[in-house]
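Just below is one structure, and these are the notes that go with it.
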Amino acid sequence: MTSWAAFAAEAPELAERVHVRFTSAKHCTLATLRRDGSPRISGTEVGFTDGEVWLGSMPRALKALDLRRDPRCALHSPSVDPPSDNPSAWVGEAKMAGRAVEVGEVSAPGQAHRFRLDLSEVVLTRMEVGALLIESWHPQRGLESHRR
């Protein structure tokens, strides 16, 4: 697991493209694990400050309770369809996975949850020169690219 800053230092070009995808619109999708192990997806906002990826949640929201019980999660950037007149100009989508670490305590009624994401994977899928380009980064393997 690693911070956004450490990932960005190792793969700055990928980090910039992923950041653009995640900040292109307000709502992202968060996947968490329910108590029974089945997946749950929820809308969420993602922030990038102090060299970290941040998630917030309303008090006692199911996604926050999921993350407290099992911190494994995945994030998906806002999605856009390929342009109908030029599908090869599709800007792509980004994904991150890791473990959410709650920061602070939710003690006062109505106080939001705040989580920092420790990264285990970052992926960007996009079009490049008529092919699908999948760029990924993992702490143990570093940066990899595959064309399809």
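The values are calculated or read from the model by the stated rules, or taken from the named source; none is laboratory data. If you're wondering where the values come from, they're calculated on a predicted model, not measured in any experiment. Heads up, the Cβs are rebuilt from the backbone with ideal geometry, glycines too, and the neighbour counts pull from every protein chain shown.
Restricting to the range 86-119, give me the number of residues that are at pLDDT 95 or above, of a type in the set (A, V, I, L, M) and crowded, with 16+ Cβ neighbours inside 10 Å.
Here the count works out to 6.
PRO83 passes all but one of (1) exposed (fewer than 15 other Cβ atoms within 10 Å of the Cβ); (2) under 25 Å from ARG148 (Cβ atoms); (3) touching a Ser or Thr at 6+ places or on another chain (Cβ under 9 Å); which number fails?
Of (1) exposed (fewer than 15 other Cβ atoms within 10 Å of the Cβ); (2) under 25 Å from ARG148 (Cβ atoms); (3) touching a Ser or Thr at 6+ places or on another chain (Cβ under 9 Å), only one is false for PRO83: (3).
Could we say that TRP90 is at negative phi and in contact with a helix residue (DSSP H, G or I) (Cβ under 7 Å, 6 or more places away or on another chain) here? Please lay out each step first, then the result.
On the way: at negative phi: yes; in contact with a helix residue (DSSP H, G or I) (Cβ under 7 Å, 6 or more places away or on another chain): no.
Considered against the rule, which asks whether it is at negative phi and in contact with a helix residue (DSSP H, G or I) (Cβ under 7 Å, 6 or more places away or on another chain), TRP90 comes out as no.
Just name the residue that is farthest from ALA100 (Cα to Cα) out of those in the range 8-63 that are hydroxyl-bearing (Ser, Thr, Tyr) and touching a His at 6+ places or on another chain (Cβ under 7 Å). Talk me through it step by step, then tell me what you get.
We begin by selecting, within the range 8-63, every residue hydroxyl-bearing (Ser, Thr, Tyr); these are 23-24, 29, 32, 38, 42, 44, 49, 57.
Applying the additional criterion that residues be touching a His at 6+ places or on another chain (Cβ under 7 Å) yields 29, 57.
Working: THR29: 14, SER57: 12 Å.
Top of the filtered list is THR29.
How many of the residues making up the range 131-148 are touching an Asp or Glu at 6+ places or on another chain (Cβ under 9 Å) and in contact (Cβ under 8 Å) with a residue 12 or more places away in the chain? Reasoning before the result, please.
First, the residues of the range 131-148 that are touching an Asp or Glu at 6+ places or on another chain (Cβ under 9 Å): 134-139, 142-147.
Subset that is in contact (Cβ under 8 Å) with a residue 12 or more places away in the chain: 134-139, 142-143, 145-147.
Residues in the range 131-148 being touching an Asp or Glu at 6+ places or on another chain (Cβ under 9 Å) and in contact (Cβ under 8 Å) with a residue 12 or more places away in the chain: 11 in total.
When only residues in the range 33-64 that are farther than 21 Å from PHE22 by Cβ and modelled with pLDDT of 95 or more count, which is surrounded by the fewest Cβ atoms within 10 Å (Cβ to Cβ)?
Selected residue: ASP36.
Which ones in the range 73-104 are within 14 Å of THR29 (Cα to Cα) and of a type in the set (D, E, K, R)?
Listed by number, the residues that qualify are GLU93, LYS95.
Does MET1 fit the bill of being of a type in the set (A, V, I, L, M, F, W, C), in contact with a strand residue (DSSP E or B) (Cβ under 8 Å, 6 or more places away or on another chain) and either within 18 Å of VAL123 (Cβ to Cβ) or without any contact (Cβ under 8 Å) to a residue 24 or more places away in the chain (or both)?
Values: of a type in the set (A, V, I, L, M, F, W, C): yes; in contact with a strand residue (DSSP E or B) (Cβ under 8 Å, 6 or more places away or on another chain): yes; either within 18 Å of VAL123 (Cβ to Cβ) or without any contact (Cβ under 8 Å) to a residue 24 or more places away in the chain (or both): yes.
Judged against the criteria, MET1 is a match.
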